[in-house]
Amino acid sequence: MAAKPQLYSIDDFEQYAAEYLPKTVRDYFNGGALDSVTLKANRAAFAKWYIRPRVLRDVSSLKPQRRVFPDGNNAPFPCCVAPAAMQKMAHPDGEVATARACGAYGTTMGLSSFSTTSLEDVKKQADEGRRASGKTGDSECVMQMYLFENRATTDDLVRRAEKAGYKAIVLTVDTPYFGRRLTEIRNRFKLPPHLRMANFPESLGVKTGSHHRTEELSKGGSSTTTTSSTPANKNDPSLTWDVIPYLKSITKLPIWLKGILTPEDALLAVEHGADAVFVSNHGGRQLDHAPPTLDVLQSIAAAVGGRVPVHFDGGVRRGSDIFKALCLGADVVWIGRPALWAIAYDGEAGLTSALHILEDEFRACMALAGCSSLDELTPDLLMRVDSKL
């Protein structure tokens, strides 16, 4: 078997995954909604900003560490791994590879409800990875959730996550319906038969790989993941802001809202008791022509005003992207597709390598911009490409 090529950037991981993953899997992980306008815009938004470096500053001792939780571990740098479904399609170890890499590296892992490994096993493997690396304390995992019409399904997942030691519930709020993803429809995508949705009993009917029946989407219908349950095990399109107090009534875990794209909704999230807002457009997979996340980040951070943390994802490929997002108000930045490409390359070792690359790039960016601590990353270090110094 030929030796794996040496990879030096996230783009290298993407190119490797594009060559070696089956087309249906590659299209599922990489695809966006409709014309992929938002998907492409996420990436392009970073190129609209230049960095204004300051020189002759002492950067001999960089402090890029950040705590995701006030009483938690210091992550090596403010980058976490976002929830992504069905990771065993990328590598046989799937979420186990991601969990062990995150635990050993010391960063937070988000687990998708639609995982191909049970939430309990993922947390155990994250803890094992942390111990194997010589770190003390527990790993930090958060559980991404949808709220199903069948509330008993949601309640069960929330309580299992709390019992297993997850640190927060990440409620995805931009999916009253699933985006129309043409690559999935054309490929008639479904979960490979040797895999299963590990967090749901088969009897619940959560069986389809893309969280919906392709034939429903092809007719313009709403998502459905049930056969006979009543109410259905499908996303609840009737949700309103009272979902936050509802979740708080069944768990003591912090509730983060993922899918915030306007200052108005950020303010409503804080008003209704959210413990963090997550600026995200679902990687361009939901509403096409929604704005790129970097373009709305600063206004959302200003509206929140430090009352709750601001998390961010969308198009991150470089350490300098993380730097720019922090300058514009993010507290923590998350990577999604890059982690999938990394485990496709070499499982746990692949993701560890990708995180090292991003950390090295981020540290170099900090130093070359004249910053020794994260507190110095402010908007005045950036300028729009079409502006003047």
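The values are calculated or read from the model by the stated rules, or taken from the named source; none is laboratory data. In this text, all values refer to a predicted model and were calculated from it rather than measured experimentally. Counting neighbours? That spans all protein chains shown, and the Cβs are built from the backbone with ideal geometry, glycine included. Remember, those area values only see protein heavy atoms, side chains included, never the ligands or the DNA or RNA. Shrake-Rupley method; radii C 1.70, N 1.55, O 1.52, S 1.80 Å.
Here is how the number arises for the chain: DSSP H runs of 4 or more residues each give -39500 (n - 2.57), the sum is divided by the residue count, and the result at 222 nm is -11500 deg cm²/dmol.
Calculated on the Cα set of region 231-389, radius of gyration then Dmax: 17.5, 59 Å. The ratio of the alpha-carbon radius of gyration of region 241-286 to the globular-protein estimate 2.2 N^0.38 Å is 1.17. For region 66-205, the solvent-accessible area works out to 37 Å² per residue, with a probe of 1.4 Å and every protein chain left in place. Think of a 1.4 Å ball rolled over the protein heavy atoms: region 255-389 then has 33 Å² of accessible area per residue. Applying 1/(1 + (r/R0)^6) with r as the Cβ-Cβ distance of SER373 and ARG52 and R0 = 22 angstrom yields a FRET efficiency of 0.80. The share of accessible area on the chain that comes from carbon and sulfur is 51 percent, using a 1.4 angstrom probe. Taking every alpha-carbon pair in region 47-136 and binning the separations at 5 Å intervals from zero gives 3, 13, 18, 19, 14, 11, 8, 7, 5, 2, 0 percent. Is there a quick way to get the dipole size of region 307-367? I mean about its Cα centre, with the Cβ of Lys and Arg at +1 and of Asp and Glu at -1; what is the value in debye to the nearest 20? Dipole size: approximately 260 debye. Averaging the Cα positions of each part gives two centres, and for region 238-295 and region 1-71 these lie 23 Å apart.
Between THR136 and LYS63, full extension at 0.36 nm per residue minus the direct alpha carbon distance yields a gain of 24.3 nm. Spacing of the modelled spin labels on ALA44 and ASP380, each 7 Å from Cα toward Cβ, amounts to 3.2 nm.
When the Cα convex hull of region 1-95 is projected onto planes of every orientation, the mean area is 10.8 nm². Looking at region 137-180, the pairs of alpha carbons with a distance over 16 Å make up 43% of the total. Grouping the Cα pair distances of the chain into 10 Å bins from zero gives a pair-distance distribution of 5, 24, 36, 26, 8, 1, 0 percent in increasing distance order.
The charge dipole of region 255-389, taken about its Cα centre with unit charges on the Cβ of Lys, Arg, Asp and Glu (plus for the first two, minus for the last two), comes to roughly 240 debye. Rg over Rh for region 117-207 works out to 1.03, using Cα positions for both radii and the Kirkwood form for Rh. Between SER133, SER353, SER299, the Gaussian network model of the chain with springs among Cα atoms under 10 angstrom shows the greatest mean-square fluctuation at SER133.
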